[in-house]
Amino acid sequence: MKQGPEFKRIEDNMRSGQLAAHQFLGTDTRSLKDIIRHDQLVLEPLGITNQDIANRMRYFTEKAAGGLGLQVVDDVFEVEREEHKGDIPCPFADNVQASKSITRVKNLRTGRSVSWSDLNIHLVDEHGFFEGHGAPFRVDPAEFVEVLEIKASK
Amino acid sequence: MTVLFTVLSLSILATVLAAIVVLADYKLNDYGICKIDINNGARSLEVNGGSSLLSSLASQKIFIPSACGGKATCGLCKVTLVESVGPVLPTEEPFISEAEREAGVRLSCQVKVKQDLKIRIPDEFFNIKQYRTRVSEIKQLTHDIKQFRFQLLEPTTIDFKAGQYVQIDSKPYGKVTEAVSRAYSISSVPSENNIIELIIRLVPGGICTTFLHEHVNEGDEITFAGPFGDFYLHEGGDELIFIAGGSGLAPIRSLVLDILEKNLEKKMKFFFGAVRRRDLYYLDFFRELEEKYDNFTYIPALSGATPEDEWDGEQGLITDVVARHVPDAERRQAYLCGSPGMINACVQVLTKIGFSRDAIFFDEF
């Protein structure tokens, strides 16, 4: 899929080390637009939107932020927050900054865990961007749907 | 033939237009030499226009505090512009209050020097220097925290107050092509003025912590600017309540050692919160201090201890532990260093105990 110069500029920014030591696109060689589109194709048959995923991430982040250690949420999820000072700007250059803190959730039914940074919530919600394959903060949509037990909102 | 001619013509036209744009950019963005007057003539600088005020001042050895290295994410690099150079930018808005906006306060990293400027900064900023150092020791303290010891090379000594911080400069590595500077609290004692020690936790994806943890070796040369900050011992308080988590132990260690060294008549209680046993460090160090000094009590606490931790010390959230050990705010001050969440929770608990806001100290970064 072709992408305009604006997306190309954002993609170049993401592949550089300007904003973070890791790259948002990881080892993924696809264009930014293709990465976003392919993740949407994973979600469409499930009837789940990127906003559904972001809302669930936000729910657990708020639960984890309320405590200073491990917590069990809804009897099923063990949540923990690793707080770090400082913010990181959104690579889409929309003047949004998010904390560098990380939320971890373990599904006690399956033993599977996922984690994300506060910026991931914004990237998923506003830009439908789950990061590229091989990126340390990649939010794999199918995995998140399973581990966080996300249901379609409509 | 016509197609070839058209393509050739368009290519030449595009090249000419690109050259005009480059030339115009060069000409229009050449701001020449700009004068910066600081504190009504206390210092006067001449800089090449076009860079940020923060970096222009740094190029003339005037160092403004900045924990994010000029990315408008920390809000520390405030200066007052005596004459306005334009509206506050959207990137600055979260950090500038209405009163500050009216007073002309701006983030110096977001102000581009395009003309002569008159600014005001606190006088103590003139004392901040840049130091060249050699990394003399690196110690792994926990799975994600390292201690770095820097031998000062130029200047050879530093004058700082326990609790203050410095800004370390990183260097390009891997795909990171730009140097950044980040703020870290000093953990060593001011009397050891030819070195500084820093305790630094690896921030996943963090440009500077990744540089320090993964790309710096003993013997390397590193520069920093400092000292900065007002997180130091303040007047008043017979008993000092120190609360820290993670790498927040750093300035507390400096404060405790400094107070003990100076034989100040103050009681101290140091609460250190961690999740599991593996997150604790300097355990024996502070236990030995506790045995040696009657006025120092050390209370480490785990919030998520498991049987394999074999932990028989305090358990629970650090806020609950503090509430159990601090009966009231009478003649007490609290010094906090840790994550924003920990600091917010501790301020709430201390306020409930009776501490006024001006008896609670912490760094705003």
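A few points about this structure:
- Considering only B:60, B:156, B:87, and ranking their Cα positions along the charge dipole of the stretch B:32-171 that arises from unit charges at the beta-carbon of Lys, Arg, Asp and Glu, the one farthest toward the positive end is B:156.
- Shielding by partners - mean other protein chain Cβ count within 10 Å, residues of B:201-213: 5
- Relative contact order of chain A, pairs being alpha-carbon contacts under 8 Å that are 6 or more residues apart, as %: 27
- Shape call, the stretch B:239-362: gyration tensor on alpha carbons, a/c limit 1.5: oblate
- Listed residue (B:319, B:301, B:190) projecting farthest to the positive dipole end of the protein assembly as shown, Cβ model: B:190
- Angle in degrees between helix A:50-65 and the longest Cα principal axis of chain A, rounded to the nearest 10: 50
- Computed from Cα atoms, the angle from the helix A:118-127 axis to the main principal axis of chain A rounds to 60 degrees.
- Our helix-only sum for the protein assembly as shown, with -39,500 (n - 2.57) per DSSP H run of n ≥ 4 divided by its residues, gives a mean residue ellipticity at 222 nm of -9000 deg cm²/dmol.
- Here the peptides A:90-97, A:78-85 are ranked by packing, the mean other Cβ count within 10 Å, and the order with the highest first is A:78-85, A:90-97.
- Relative to the Cα centre, the charge distribution of chain B, modelled as +1 at Lys and Arg Cβ and -1 at Asp and Glu Cβ, gives a dipole magnitude of about 940 debye.
- Residue-averaged beta-carbon neighbours from other chains (10 angstrom radius) around A:14-26: 5
- Segments B:192-198, B:325-331 sorted - mean Cβ within 10 Å per residue, highest first: B:192-198, B:325-331
- Over the stretch A:1-139, the fraction of Cα-Cα pairs per 5 Å bin, rounded to whole percents and listed from the shortest bin up, is 2, 10, 18, 22, 20, 14, 9, 4, 1, 0.
- Kirkwood hydrodynamic radius computed over the protein assembly as shown comes to 25.6 Å, based on all pairs of distinct alpha carbons.
- Relative contact order of chain B, pairs being alpha-carbon contacts under 8 Å that are 6 or more residues apart, as %: 13
- At an R0 of 30 angstrom, the distance between the Cβ atoms of residue B:293 and residue B:218 translates into a FRET efficiency of 0.40.
- Dividing the convex hull volume of the alpha carbon atoms of the stretch B:129-228 by its residue count gives 89 Å³ per residue.
- Sequence-distant residues sharing a close amide H with residue B:118 (under 5 Å, placed H): B:37, B:82, B:83
- The protein assembly as shown - charge dipole about Cα centre, Lys and Arg +1 at Cβ, Asp and Glu -1, debye rounded to 20: 1080
- Interchain or long-range residues, amide H under 5 Å from residue B:136's placed H: B:149, B:150, B:151, B:219
- Length-normalised contact order for the stretch B:257-365 - Cα pairs under 8 Å, 6+ apart - percent: 21
- Neighbouring partner chain Cβ atoms per residue of A:73-85, average, 10 Å criterion: 4
- Surface/4 of the Cα convex hull for chain B, nm²: 25.2
- A full extension of the chain between residue B:344 and residue B:99 corresponds to an added length of 85.8 nm, given 0.36 nm per residue minus the alpha carbon distance.
- The phi torsions of the stretch A:106-115, fed into the Karplus equation with coefficients 6.51, -1.76 and 1.60 and a -60° offset, translate into couplings of 10, 7, 6, 6, 10, x, 8, 10, 9, 9 Hz, rounded to whole numbers, with Gly and Pro shown as x.
- Within chain B, the cysteines lacking any other cysteine Cβ closer than 4.7 Å to their own Cβ are B:34, B:77, B:109, B:208, B:337, B:346.
- When its C-alpha radius of gyration is set against 2.2 N^0.38 Å (N residues), the stretch B:33-125 gives a value of 0.97.
- Against the criterion of solvent-accessible heavy-atom surface with a 1.4 angstrom probe, B:113, A:72 sort, most first, into A:72, B:113.
- Under the convention that each Lys and Arg Cβ holds +1 and each Asp and Glu Cβ holds -1, the size of the dipole of the stretch B:33-125 around its Cα centre is about 280 debye.
- Of A:8/B:114; B:78/B:112; A:106/A:151; B:35/B:114; B:71/B:171, those spanning more than 19 Å from alpha-carbon to alpha-carbon: A:8/B:114
- Using alpha-carbon coordinates, inclination of helix B:283-292 to the longest axis of chain B, degrees: 50
- Couplings for the stretch B:218-224, taken from phi via the Karplus curve 6.51 cos²θ - 1.76 cosθ + 1.60 with θ = phi - 60°, read 4, x, 6, 8, 9, 10, 8 Hz in order; Gly and Pro are left as x.
The values are calculated or read from the model by the stated rules, or taken from the named source; none is laboratory data. Source: prediction; values computed, not measured. Quick reminder, even Gly has a Cβ in these numbers, built from the backbone with ideal geometry, and neighbours come from all protein chains shown. These area figures cover heavy atoms from the full protein model, side chains too; ligands, DNA and RNA do not enter into them. Shrake-Rupley method; radii C 1.70, N 1.55, O 1.52, S 1.80 Å.
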